[in-house]
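Right, one structure below, let's go through it.
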Amino acid sequence: MTRRAGLIGTLVLAGLLGATAAEAHTGVGAAGLAAGFAHPFQGLDHLLAMVAVGLWAGQREDAGRWLIPSGFVAVLAGGAAAGVAGVGVPWLEFGILTSVVLLGLLVMAGRALPLSATAALVAAFALVHGHAHGAEIPAAASAIHYGAGILLASAALHGIGFALARLLGAGAHGATRALLGGAVAAAGLLLVVL
């Protein structure tokens, strides 16, 4: 089973590293649901953060395991609406990259925070990711359809991370999960430097 977990982790990490940070918020392409769905898979920062959200949620045994992904998607939608409306958010890219690093560290630590602290972090992280996506929805796009695609893709990425965390569980496989969290944090730091 350790070999299987290592293979799964390697495949997930390889897929995540296939995207580049520069592609994260391009707003290029078609204008519908499918284009919105594809958008989160095109940027390493969002991809890492969304999978890490799922990993973080999947480590919990309390209500937080559902609060984290559902709350993230809800606030992501609100952040996107603010971005579409042109509401400014200072330090947006720094906030996005900080979320990647912190989510990786939270996964690596493997400890549950109190639900109030979890909710605050989820809201802050989702707001900056959502705002960036909303602000860069292509002018020709339907904000509703494109945005729905982004939300669906983000939820799917949460699901991948969640399933991976549940598969890895604790013990020796927990070490693989911690390694994945460390890789996410390291990649986030690298993106800050770049």
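The values are calculated or read from the model by the stated rules, or taken from the named source; none is laboratory data. No experiment lies behind these values; they were computed from the predicted model shown. Cβ sites come from the backbone with ideal geometry, for glycine too, and all protein chains shown count toward neighbours.
Brief remarks follow.
- Restricting attention to region 116-143, the residues being under 18 Å from A34 (Cβ atoms) and modelled with pLDDT of 95 or more number 0.
- Any hit, region 107-118, residues being in contact with a Leu (Cβ under 8 Å, 6 or more places away or on another chain) and farther than 21 Å from G181 by Cβ: no
- Looking only at residues in region 149-181 that are of a type outside the set (A, V, I, L, M, F, W, C) and under 20 Å from V100 (Cβ atoms), the one that is surrounded by the fewest Cβ atoms within 10 Å (Cβ to Cβ) is G159.
- Number of the exception - L180 against (1) closer than 17 Å to R111 by Cα; (2) of a type outside the set (S, T, Y); (3) not in a helix (DSSP H, G or I): (3)
- If the condition is being modelled with pLDDT under 95 and over 20 Å from S116 (Cβ atoms), then region 67-80 contributes no residue at all.
- Where helices (runs of 4 or more DSSP H) fall entirely within region 38-142, those with at least 2 residues that are surrounded by fewer than 22 Cβ atoms within 10 Å (Cβ to Cβ), of a type outside the set (F, W, Y) and free of Cβ contacts under 8 Å to residues at least 60 places away in the same chain are at 64-85, 92-109, 115-135.
- Filter pass, V184 being surrounded by 22 or more Cβ atoms within 10 Å (Cβ to Cβ) and either acidic (D, E) or touching a residue at least 12 places away in the same chain (Cβ under 8 Å) (or both): yes
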